[in-house]
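The values are calculated or read from the model by the stated rules, or taken from the named source; none is laboratory data. Values in this document were obtained by computation on a predicted structure and should not be read as measured data. Here the Cβ positions follow ideal geometry from the backbone for every residue, glycine too, while neighbour counts run over all protein chains shown.
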Amino acid sequence: MKRSVRQLTNKKIPSALPLVWKVFDEYEAVNYPTSGTQAFWNAIHDEGFLSQLSAYGAFDGEKLIGILALKNEGSHIALFFVDGAYHRQGVGRLLWDTFPAESDKDEITVNSSLYAVGIYEKLGFIKTAEAQTESGIQFVPMVFKKPKTEERK
């Protein structure tokens, strides 16, 4: 099937939450205390949080297989999940390569899960601090700095 990336409207973001939860539960929750798992669940079901997001979905035909959601006007990655059946097939890269092309931000931050640090490093992110824990959620602060226009040529 043909893979594509499409922007998700705010009304469509909730339909991506089962994918987000499935991937989180399978790959990340194992490193979290119960309080962290609950805090993540609460965040992805908080209408205030969801309303701040702009999101892109990766599709295999019409099946949603990944999501990249940003907040703070596109300067911070809030959610970045790819269905485990599609890992190591370029889906995350496809989502990532679509987003910066449309962003006017020079820097993009993320609080990476411990599981995803290596993935973000492959995308060009660098750590800005050591691992931290907040509300039971473990993360590593990271930043991506867009190359200057003359460096992109």
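Odds and ends about this structure:
- Exactly one residue out of P14, P18 is surrounded by fewer than 13 Cβ atoms within 10 Å (Cβ to Cβ) and free of Cβ contacts under 8 Å to residues at least 60 places away in the same chain: that is P18.
- Pick from the stretch 21-58, criterion modelled with pLDDT of 90 or more, surrounded by 18 or more Cβ atoms within 10 Å (Cβ to Cβ) and of a type in the set (F, W, Y), ranking: farthest from S75 (Cα to Cα): F24
- Contact map, the stretch 58-73: first residue over 13 Å from S15 (Cα atoms), second residue among the aromatic types (F, W, Y) and crowded, with 17+ Cβ neighbours inside 10 Å, Cβ cut-off under 6 Å, separation 6 or more or different chains; pairs are L68/Y56; L68/F80; L68/F99.
Okay, residues lined up against (1) surrounded by 19 or more Cβ atoms within 10 Å (Cβ to Cβ); (2) closer than 14 Å to V23 by Cβ; (3) in contact (Cβ under 8 Å) with a residue 24 or more places away in the chain:
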position: L79; (1), (2), (3): yes, yes, yes
position: Y86; (1), (2), (3): no, yes, yes
position: T109; (1), (2), (3): no, no, yes
position: V117; (1), (2), (3): no, no, yes
position: K127; (1), (2), (3): no, no, no
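- In the stretch 42-68, of all residues being of a type in the set (A, V, I, L, M, F, W, C) and within 13 Å of V5 (Cβ to Cβ), the one that is nearest to the chain's Cα centre (by Cα) corresponds to L68.
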